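Please read the structure below before turning to the comments.
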Ligand SMILES: Nc1ncnc2c1ncn2[C@@H]1O[C@H](COP(=O)(O)OP(=O)(O)O)[C@@H](O)[C@H]1O
Ligand SMILES: [Mg+2]
């Protein structure tokens, strides 16, 4: 549905986006990750036809955004970063305007507006000027605008930024509900969000893609992947027993007096560990296997972009 | 066309959703009244026409129109809503024309609300109402030209104050080019050929011609070209500067 091919954007001497290529198919929710200034927003602005690329192409549903901008814009719902909205309009007037721009009139417009308002739970504030709404409501107005025409492609730039935990949860539910029939790209630097809603994650740093994988596979790159955390009073006997295991790389102290056994090369060590614990008959209060931490992988990857680029 | 109308409607309702419309109309009417009746002494002229009324329009528009046009694009660029506008399936030309037409119609409404002046003069004498209608058309075309200039300037900056000052300065130059002081000065130094050139470029000369009641196609073409030229520059400016 979306095809990005060697996309590049230079601002003077800064390459904000540097030779980025990827595809997003229908049914995918792509998490676009990267530290601030990595080039996420710039990439989205090029896909949505706001910024012309310096090189490469962005194609949506077969239309090149440079050649057929209107065709692309018809098929895309876009929530720009920071959610710019006309402050003196009410959400109702705003949605009526958007519906008209999207080519709906009368009954059909009302149906689309109702559906978007219902999804974003905005019914109570429809007649209040947008400038008087709280940040959470404003973001929902922006989202409703993006969803109104039920587009094939959704591009959401930091859709949960600045929301409280409940609002974040609602927005994620909304995105999850829509997955399946659309190609969705969301940018974020909140990693739990990626694990919560994305089927795939691309990490970019300094304008370049440094990783492209499922969230689980990315997390598995963590050196904590398959490590075992255990809480025990018999740390003195448990620690050497674990250290003796061939696939345990190291045993370190974990918060709360627990121990953490790091797996060698990410191998599964849980069966070895439990066998060893049975052998020494140690009393264990709690034991868990780590899947790895996305935030750690993110740090590893984005701090050393040159080695992965 | 559908998109132009959609933009037009949104812009129009935004004028009346804020105090902008009312403040503009009140100031416009008060100033026209003051200029026409006190400085123009329309009642003491013993002539049944609206010359005293129309003479001041270029000078009035010089700062009132930039006050209206300054926000057209500068505001969208400052708040970032231009990113929303420009990622909807609307072309830049449609957006520029829609916004311009709304502002132009709005000045038309303000202009139409000066009808008591017309009623007064009809009550007191028997004016040439055809000439008066021509005067209104000329005044509206003048307002449109200044709006197109102001809209273009507004697209060049995020700062409304700058947009206002620069647009007012350009309008001032266009008005001053037709003033007697300037033309006399040119005549002394450069001769009548140069004078004719500047006369033909000045908005005031064309406006005066129309408001005498002679609607010459050349005057219409003059204002039409100004509007088209600056709206075209406006589209280019948006295209180049929207994201910076
Ligand atoms: N209009 C612009 N002019 C100049 N530099 C810009 C502009 N927009 C973005 N940049 C630069 O491009 C880089 C990428 O920015 P951005 O895409 O906003 O990053 P992200 O969204 O990942 O935080 C940054 O270094 C930023 O300063
Ligand atoms: Mg960003």
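Annotations for the structure displayed:
- Across segment A:70-174, Cα-Cα pairs more than 23 Å apart make up 19 percent of the total.
- In segment A:47-92, the inverse of the mean reciprocal separation of distinct Cα atoms equals 12.2 Å; this is its Kirkwood hydrodynamic radius.
- Area projected by the alpha carbon convex hull of segment A:2-219, averaged over all directions, nm²: 11.6
- Segment A:101-242: mean projected area of Cα convex hull, nm²: 13.6
- Note on segment B:154-187 and segment B:113-149: Cα centroid distance 23 Å, given to the nearest whole angstrom.
- Protection proxy ranking, highest mean first, for peptides B:221-228, A:77-84: A:77-84, B:221-228, where packing is the per-residue count of other beta-carbon atoms within 10 Å, averaged.
- Spin-label proximity, residue A:291 to segment A:19-37 - amide N less than 17 Å from point 7 Å beyond Cα toward beta carbon: A:29-31
- Legend: mean number of C-beta atoms from other chains within 10 angstrom of residue C-beta atoms, peptide B:4-16, equals 3.
- Taken along the Cα-to-beta-carbon direction at a fixed 7 Å, the label points for residue A:123 and residue A:212 span 4.3 nm.
- Chain B, Rg to Rh (Cα coordinates; Rh as Kirkwood inverse mean 1/r): 1.00
- Taking only the C-alpha atoms of the protein assembly as shown, Rg followed by Dmax gives 32.7, 119 Å.
- Exposure proxy order (Cβ contacts within 10 Å, fewest to most) of B:105, A:198: B:105, A:198
- Inverting the pair-averaged 1/r between distinct Cα atoms of segment A:214-277 gives 12.0 Å as its Kirkwood hydrodynamic radius.
- Inter-label distance for residue B:229 and residue A:239, nm, one decimal - labels placed 7 Å from Cα along Cα-to-Cβ: 8.5
- Pairwise centroid distance, computed over Cα atoms, of segment A:267-283 with segment A:173-250, Å: 24
- Packing-based exposure ordering (other Cβ within 10 Å, fewest first) of A:237, A:120: A:237, A:120
- Chain A: angle of helix A:165-178 to the longest principal axis, Cα-based, in degrees nearest 10: 70
- Estimated purely from DSSP H runs of n ≥ 4, each contributing -39500 (n - 2.57), the mean residue ellipticity at 222 nm for the protein assembly as shown is -17000 deg cm²/dmol once divided by its residues.
- Distance from the C-alpha centroid of segment A:34-66 to that of segment A:109-147: 27 Å, rounded to the whole angstrom.
- Calculated FRET efficiency for the pair residue A:192/residue B:91, C-beta based, R₀ 30 Å, to 0.05: 0.15
- Rounded to 10°, Cα long-axis angle of helix A:294-303 versus longest principal axis of chain A: 80
- Exposure proxy order (Cβ contacts within 10 Å, fewest to most) of A:86, B:189: B:189, A:86
- Spin-label zone in segment A:156-177 - amide nitrogen under 20 Å from a point set 7 Å from the Cα of residue A:115 along the C-beta vector: A:156, A:171-177
- Angle between chain B longest axis and helix B:160-176 axis [Cα atoms, degrees, rounded to 10]: 30
Values in this text are rule-based calculations from the coordinates and carry no lab data. Note that the coordinates shown come from a computational prediction; the quantities given were computed from them, not determined experimentally. All Cβ positions, glycine included, derive from the backbone under ideal geometry; neighbour counts span all protein chains shown.
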